[in-house]
1. Per the 1.4 Å probe, what fraction of the accessible area of segment A:25-228, in percent, lies on carbon and sulfur atoms?
2. Report, in debye and to the nearest 20, how large the dipole of segment A:141-188 comes out about its Cα centre when Lys and Arg carry +1 and Asp and Glu carry -1 on their Cβ.
3. Can you give the relative contact order of chain A as a percent, counting alpha carbon pairs under 8 Å and 6+ residues apart?
4. For A:TYR83, what accessible area in Å² do you get when you roll a 1.4 Å probe over the heavy atoms of the protein chains, rounding to the nearest 10?
5. Considering amide H positions built from the backbone, and no H for Pro or chain starts, which residues 5 or more places from A:THR204, or on another chain, come under 5 Å of its amide H?
6. Run the numbers on segment B:81-158 and let me know its relative contact order in percent, using alpha-carbon pairs under 8 Å that are six or more apart.
7. Relative to the first principal axis of the alpha-carbon coordinates of chain B, what is the inclination of helix B:149-158, with its axis defined by its Cα atoms, in degrees from 0 to 90 and to the nearest 10?
8. What is the Å³ per residue value for the convex hull set by the Cα atoms of segment A:237-320?
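The values are calculated or read from the model by the stated rules, or taken from the named source; none is laboratory data. The shown structure was predicted, so the numbers you read here are calculated from the model rather than taken from an experiment. Heads up, the Cβs are rebuilt from the backbone with ideal geometry, glycines too, and the neighbour counts pull from every protein chain shown. Calculation scope for accessible area: heavy atoms of the full protein, side chains included, ligands and nucleic acids excluded. Shrake-Rupley method; radii C 1.70, N 1.55, O 1.52, S 1.80 Å.
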Amino acid sequence: MSQSAAEPIEPILTRNFGRPDSHTLTAYRETGGYTGWAKALALEPAAITDAVKRSNLRGLGGAGFPTGTKWSFVPKGHAGPIYLVINADEGEPGTVKDRYLLERDPHALIEGMLIAARAIGSRLAFVYVRGEYVAPWRRFSAAVREAYDAGYLGRGLDVVVHRGAGAYICGEETGLISSLEGRKGWPKLKPPFPAIKGAFGAPTIVNNVETICQVPHIVNRGPEWFAALGTQTQGGTRLYSVSGRVRRSGVYEASVGVTLRQLIYEHAGGVTGNGRLKAVVPGGASAAILRADEIDVTMDVDGLRNAGTMAGSAGVIVMDETVSIPDALRVVARFYAHESCGQCTPCRETTGWIYRMTERIVEGRGRKEDLDTILDVARRGTGTTICAFYDGAVGPYISYIEKFRAEFEALIPHA
Amino acid sequence: MTPSRPQFTPEQQAEVRRLQGLYPDPQGALLPVLHLAQDVFGYISEEVEEYVAGLFGLAPAHVHEVVTFYTMYFREPKGRHIVSVCHNLSCHLAGAPGILDHLRRRLGIEPGGTTDDGRVTLLAVECLCACEMAPMLQVDDRYEGNLTPETVDRLIDQLQ
């Protein structure tokens with residue numbers, strides 16, 4: 001059913017990115033904008049959810065959960081308010097795509113929100129934009145005002161654009177909800193899942209920006225068309241953020257079935273540094289690292305899971321042979337130590353401890369037991385915390401050391 | 001400068017009420033109101049925390065807990081400009097350590113510090129999600145990427 005991922009595909013999410021006025025309502029309408037919404041108005045809410053299910057759209061923020069299935073978890077016939085929350089708290093290292101969508105196609109997000117809100121029965125939606133994204137926040141807020149003036153919003157759906165204040169953990173959906181409620185961004189125990197009891201105690205669906213930007217196209221062109229763009233278990237295209245040691249870093253749209261090799265060598269133009277690939281992180285910092293001989297994998301959720309890593313946020317970070325893997329792990333470990341929210345003991349204590357060990361290894365003060373200590377404590381903490389943050393940190397801790405152990409040992413005196 | 005008894009103007013108070021009205025529970029507006037308070041008072045002192053707590057009927061301890069959780073709220077006077085250099089992985093691979101060292105020497109301060117003339121506060125921060133333009137930094141509201149020591153110098157020269 002899927003086309004060859006090597007075939008160039010028609011740009012969908014990026015189709016307007018080349019227009020300097022792509023963020024305006026005029027430009028959006030000229031390229032078919034809001035026609036998906038017009039079609040959705042003629043559909044029953046359950047039919048919209050069903051179409052999204054059949055499209056095989058999976059969440060593009062990191063977890064890869066089937067979007068239509070998530071929507072179907074909202075209790076049927078719920079009498080009180082239901083909220084739609086858009087996660088625009090982009091923060092996964094290596095990922096830049098939601099910033100592009102907010103700045104270059106904000107009306108696609110608004111149209112997707114209108115359709116999603118109709119599907120789940122929501123009349124009030126929040127868009128949680130990371131605090132540092134000031135320009136995207138302004139750009140998106142201006143589009144919301146345009147959509148109110150044009151009558152798309154304010155007639156059944158209101159949208160509140162909310163600014164965060166700097167905390168990676170607020171990208172975790174229940175941390176985001178805590179933050180939206182005016183608290184520190186501590187994730188919440190599940191169950192209850194947000195679809196049952198989320199923001200302000202009401203059923204809440206939290207979806208990523210890019211996920212929702214896909215929805216108008218699914219309604220417009222049909223779930224079968226969307227599903228056929230991808231693999232057997234995941235439909236569509238997605239935006240890959242490619243950075244690190246590549247000739248052309250940037251945002252590339254391709255099928256979810258594109259291979260990592262194609263992204264590095266075709267889209268991003270190949271490896272810089274000494275020109276020889278050493279390692280690559282395929283799905284944001286929390287994804288396990290792959291060696292140069294492991295890049296013939298498709299980038300869909302299941303393809304990368306089978307390769308022992310994850311699709312995550314599709315942030316691809318490329319390292320050539322001159323990059324020190326221990327030093328890269330030190331940088332990543334510093335990030336997790338800084339961003340641990342402090343709620344769960346294993347995460348709070350271990351992220352700092354592992355950072356200190358990686359730091360002394362890189363500085364030539366490592367102890368010969370340090371590598372095994374890192375692997376041991378990383379594994380012991382797995383699955384013991386409230387949210388996925390710690391398990392995300394464990395991905396790099398273990399994979400960097402297991403796949404490049406000799407390089408670490410070379411830095412440790414008497415190892 | 002923070003007055004000893006912080007007070008929003010009537011217009012700012014109306015903005016607080018507008019923000020509070022956007023959420024099913026007014027407490028949802030706490031982060032936006034703290035952003036406003038920082039814009040108005042320069043930073044979030046304990047007095048500002050108490051004042052904001054009063055606007056929400058919250059315990060000052062709750063507001064303190066929120067202010068200290070997030071990186072963008074300053075609890076001490078900051079420079080007129082904030083220069084935040086990303087030091088996460090993609091920027092690191094693209095030379096962020098050299099950019100940060102250049103700024104240390106140029107400004108004569110360590111990350112976390114403010115120049116004596118109060119012009120610039122320098123920070124080293126986690127991923128700002130602009131890896132395609134690494135190495136990059138944020139100067140106030142603006143992202144600047146593909147940095148070299150020369151372009152960094154020009155950016156600093158432009159700050160008043």
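1. Accessible surface attributable to carbon and sulfur in segment A:25-228 totals 55 percent.
2. In debye, rounded to 20, segment A:141-188 gives about 180.
3. That works out to 17 percent.
4. It works out to around 20 Å².
5. Amide H to amide H, under 5 Å and 5 or more residues apart or across chains, A:THR204 pairs with A:TYR83, A:ALA195, A:ILE196, A:LYS197, A:GLY198, A:ALA199.
6. Numbers: 120 pairs, mean separation 30.3, N = 78.
Averaging sequence separation for qualifying contacts and normalising by length gives 39 percent for segment B:81-158.
7. 40
8. Working: hull volume 5.6 nm³, N = 84.
For segment A:237-320, the hull spanned by Cα atoms encloses 66 Å³ per residue.
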